[in-house]
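These notes are about the structure you will find just below.
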Amino acid sequence: MAHLSNTASAEFTQDRTMILNMGPQHPSTHGVLRLLLEIDGERVVRMVPDIGFLHTGIEKTCEAKFYQQVVTLTDRIDYLCPMTNNLCYVLAVEKLLQLEIPERAVFIRVMLNELTRIASHLVWLGTHALDMGAMSVFLYCFREREDILRIFEMVSGQRMMTSYFRIGGLSLEPPLDFYGKVRDFVKLFPERIDEYENLLTSNRIWVDRTKGVARLSAEDCISLGVTGPALRASGVDWDLRRDMPYCGYDKFQFKVPVSNDGDVYARYLLRIQELRESISMVKQALDGLPDGPIKAEAPKVVLPDREKMKTQMEALIYHFKIVTEGFSVPAGEVYQAIESPRGEMGYYVVSDGTPKPYRVHMRSPSYANLQALEKMCVGRLLADVVAAIGSIDIVLGEIDR
Amino acid sequence: MSNGIAPAITDLEQLKGHPALAKLLPWKQTAVVGAKFDRGELSVEIDRTYIREACSVLQPDFNFLSDLTCVDWFPSEPRFQVTYNLLSHKLKERVRLKVMLPGDDPVAESIMPVWPSANFFEREIFDLFGVRFLGHPNLRRIMMPEDWEGHPLRKDYPVEGYR
């Protein structure tokens with residue numbers, strides 16, 4: 001398709017092709033993504049993604065809030081993995097402050113972060129299968145996701161917009177029966193993964209729809225900025241959790257699944273393997289959970305415990321000051337990246353020494369991954385577009401921010 | 001220092017061992033305006049005329065463009081700071097390149113020939129900051145509507161918008 005490689009404008013001139021508008025309210029676009037497709041019969045000749053329908057200016061809003069208030073905004077950019085976004089922002093600010101986080105908080109963070117990854121992958125699996133006509137997988141996946149959301153509700157009081165991680169630790173000690181609930185889930189989940197696999201992995205229709213579809217080479221992935229499972233499915237062995245560890249991931253044992261096929265089926269198998277690795281990490285975090293505090297020793301940054309406030313004057317003063325004036329962060333800039341379920345999630349935070357961030361930029365994985373969509377779909381059938389969108393697992397809230 | 005943060009290193013002599021500077025300094029000393037090692041991260045300020053070449057010099061080692069964004073330092077001059085976060089899969093290392101652009105002429109060369117992934121990022125900066133990228137094939141708004149006036153992430157743009 002060399003003669004059509006110019007994507008400079010959305011004006012389509014060829015006589016024998018037609019323009020198909022897909023979205024913004026199309027069920028398989030996972031949000032409000034609009035695709036302008038130029039098709040020749042059933043073959044895609046060109047594709048222009050049109051985004052921005054969910055743009056809410058979160059980056060601008062961040063500049064008007066105190067550092068601790070921004071945590072609640074980060075939930076809302078990628079609503080399928082709120083804990084991951086919280087973690088990334090919180091790590092960035094902790095890096096700016098050079099705060100040491102207690103071991104116990106680190107373990108609970110990893111545990112919840114991996115549960116978030118499972119929840120996010122379950123939504124992906126359910127909706128991806130639903131797009132391709134497999135209705136029952138969706139119901140199975142959402143059954144387990146519900147368990148995870150109940151766990152989130154136990155620790156944070158919220159099912160989706162958790163805001164549980166705070167700068168300097170966690171907001172509260174998890175309730176006592178939390179660990180039992182997580183343990184139950186860890187016991188139950190591996191056989192549930194087998195159930196999903198029974199439905200799909202060797203299902204003839206599924207394999208036909210996904211194998212060899214929407215191929216991406218390793219070079220294309222790197223030049224187009226693709227990260228996460230889509231990158232690993234193309235044969236690049238790169239996982240930030242292992243290669244540039246953050247938040248205590250170096251204390252955990254896990255395998256990074258890699259495949260060389262680079263198609264939709266490879267991405268599916270890889271995410272299924274990631275589910276198994278994640279659940280083993282949750283188990284490791286449960287087994288190795290150390291005792292100790294859940295907040296860093298930094299009274300000017302971390303809100304004091306309720307009990308302390310009732311007995312200690314200083315605690316009350318610090319609480320009042322943090323809530324009314326915020327805390328100031330020494331000037332500087334950091335870029336903190338973590339491995340979100342979709343790829344490299346990065347926060348670039350610039351501080352000018354005041355209690356409000358000067359600039360917060362979110363490098364969202366879906367935004368970069370979306371650029372690869374055209375490469376995946378051109379020359380293939382229209383029906384494969386749906387498979388390709390599902391396989392890169394985009395979340396539009398994160399793309400538009 | 002009272003806040004417990006190690007002071008930043010800005011001396012090029014001390015930093016020249018970093019793989020990014022080891023590449024850039026022998027290539028063109030004048031392209032490197034300054035460097036700063038702060039909180040474990042290296043930022044290198046590049047002269048605006050050399051940014052695309054600097055990227056292609058680094059590209060064999062730092063093979064991945066992680067992030068591309070902009071900071072508005074209004075009202076000080078030069079006003080815009082375009083920030084390139086590069087990642088090396090091989091060295092497991094990051095480097096941040098910065099280009100300062102004046103407020104009355106915010107133009108930088110597009111790095112799309114080096115990394116096609118810069119496409120959306122540059123469009124986003126154009127849309128939200130009004131920084132233009134020379135050589136970008138499709139520099140149109142991406143987040144805001146086509147007929148939107150102003151660039152919302154600029155510091156002189158009110159948070160509530162214009163009413």
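Within segment A:252-280, residues that are within 16 Å of A:Gly343 (Cβ to Cβ) have Cβ atoms under 6 Å from residues that are among the small types (Gly, Ala, Ser) and outside any helix (DSSP H, G or I) in these pairs: A:Ser259/A:Ala233; A:Gly262/A:Ala233; A:Gly262/A:Ser234; A:Ala266/A:Ala233; A:Ala266/A:Ser259; A:Arg267/A:Ala233; A:Leu270/A:Ala233; A:Leu270/A:Ser259, counting only partners at least 6 apart in sequence or on another chain.
Residues in segment A:331-339: is at least one among the charged types (D, E, K, R), at pLDDT 90 or above and either within 27 Å of B:Ser117 (Cβ to Cβ) or crowded, with 18+ Cβ neighbours inside 10 Å (or both)? Checked segment A:331-339: at least one residue is among the charged types (D, E, K, R), at pLDDT 90 or above and either within 27 Å of B:Ser117 (Cβ to Cβ) or crowded, with 18+ Cβ neighbours inside 10 Å (or both).
Quick one: in segment A:215-234, of everything that is assigned to a loop (DSSP other than H, G, I, E, B) and either open to solvent by less than 30 Å² (accessible area, probe 1.4 Å) or β-branched (Val, Ile, Thr) (or both), which residue is nearest to the other protein chains (Cβ to nearest Cβ)?
Going residue by residue through segment A:215-234, those that are assigned to a loop (DSSP other than H, G, I, E, B) are A:215-217, A:225-228, A:233-234.
Of the ones still in play, those that are also either open to solvent by less than 30 Å² (accessible area, probe 1.4 Å) or β-branched (Val, Ile, Thr) (or both) are A:216, A:225-228, A:233-234.
On the way: A:Leu216: 13, A:Gly225: 3, A:Val226: 8, A:Thr227: 8, A:Gly228: 13, A:Ala233: 16, A:Ser234: 13 Å.
My answer is A:Gly225.
Taken together, A:Met345, A:Met362, A:Met376, A:Met309 contain a single residue that is free of Cβ contacts under 8 Å to residues at least 40 places away in the same chain and not polar (S, T, N, Q), which is A:Met309.
In the set (1) open to solvent by 10 Å² or more (accessible area, probe 1.4 Å); (2) out of contact with any His (no Cβ under 9 Å at 6 or more places or on another chain); (3) under 20 Å from A:Asn369 (Cα atoms), the condition left unmet by B:Phe121 is number (1). Can you confirm whether B:Ser66 is open to solvent by 40 Å² or more (accessible area, probe 1.4 Å), small (Gly, Ala, Ser) and at pLDDT 85 or above? So B:Ser66 fails the test. On inspection, A:Pro355 fails the criterion of being part of a loop (DSSP other than H, G, I, E, B), open to solvent by less than 30 Å² (accessible area, probe 1.4 Å) and over 30 Å from A:Ala388 (Cα atoms).
All of (1) more than 11 Å from every other protein chain (Cβ to nearest Cβ); (2) under 15 Å from A:Ile167 (Cβ atoms); (3) among the polar types (S, T, N, Q) hold for A:Ser391 with one exception: (2). Scoring A:Gly379 on the criteria (1) open to solvent by less than 10 Å² (accessible area, probe 1.4 Å); (2) over 27 Å from A:Val301 (Cβ atoms) leaves a single failure, condition (1). The set of residues in segment A:244-267 that are outside any loop (DSSP other than H, G, I, E, B) and open to solvent by 20 Å² or more (accessible area, probe 1.4 Å) comprises A:Asp250, A:Lys251, A:Tyr265.
The number of residues in segment B:106-139 that are touching an Asp or Glu at 6+ places or on another chain (Cβ under 8 Å) and small (Gly, Ala, Ser) comes to 2.
Any residue in segment B:139-162 that is out of contact with any Pro (no Cβ under 9 Å at 6 or more places or on another chain), facing chain A (nearest Cβ under 10 Å), open to solvent by less than 20 Å² (accessible area, probe 1.4 Å) and more than 20 Å from B:Tyr84 (Cα to Cα)? Yes, segment B:139-162 contains a residue that is out of contact with any Pro (no Cβ under 9 Å at 6 or more places or on another chain), facing chain A (nearest Cβ under 10 Å), open to solvent by less than 20 Å² (accessible area, probe 1.4 Å) and more than 20 Å from B:Tyr84 (Cα to Cα). Of the residues screened, A:Tyr89 is one that is away from every other protein chain (no Cβ under 13 Å), under 19 Å from the mean Cα position of the chain (by Cα) and of a type in the set (Phe, Trp, Tyr).
All conditions but one from (1) within 10 Å of another protein chain (Cβ to nearest Cβ); (2) in contact (Cβ under 8 Å) with a residue 12 or more places away in the chain; (3) touching a Ser or Thr at 6+ places or on another chain (Cβ under 6 Å); (4) open to solvent by 20 Å² or more (accessible area, probe 1.4 Å) apply to B:Pro116; the one that does not is (2).
Yes or no: A:Pro229 farther than 19 Å from A:Ala266 by Cβ and assigned by TED's automatic domain parsing to the domain that holds A:Leu125? So that I can check it myself, show each step before the final result.
Numbers: farther than 19 Å from A:Ala266 by Cβ: no; assigned by TED's automatic domain parsing to the domain that holds A:Leu125: yes.
Against the criterion (farther than 19 Å from A:Ala266 by Cβ and assigned by TED's automatic domain parsing to the domain that holds A:Leu125), A:Pro229 does not qualify.
The values are calculated or read from the model by the stated rules, or taken from the named source; none is laboratory data. Computed from a predicted structure; not experimentally measured. Note: ideal-geometry Cβ built from the backbone for every residue, glycine included; neighbour counts use all protein chains shown. Each accessible area value is taken on the protein alone, full model and side chains, heavy atoms only, with ligands, DNA and RNA left out. Shrake-Rupley method; radii C 1.70, N 1.55, O 1.52, S 1.80 Å.
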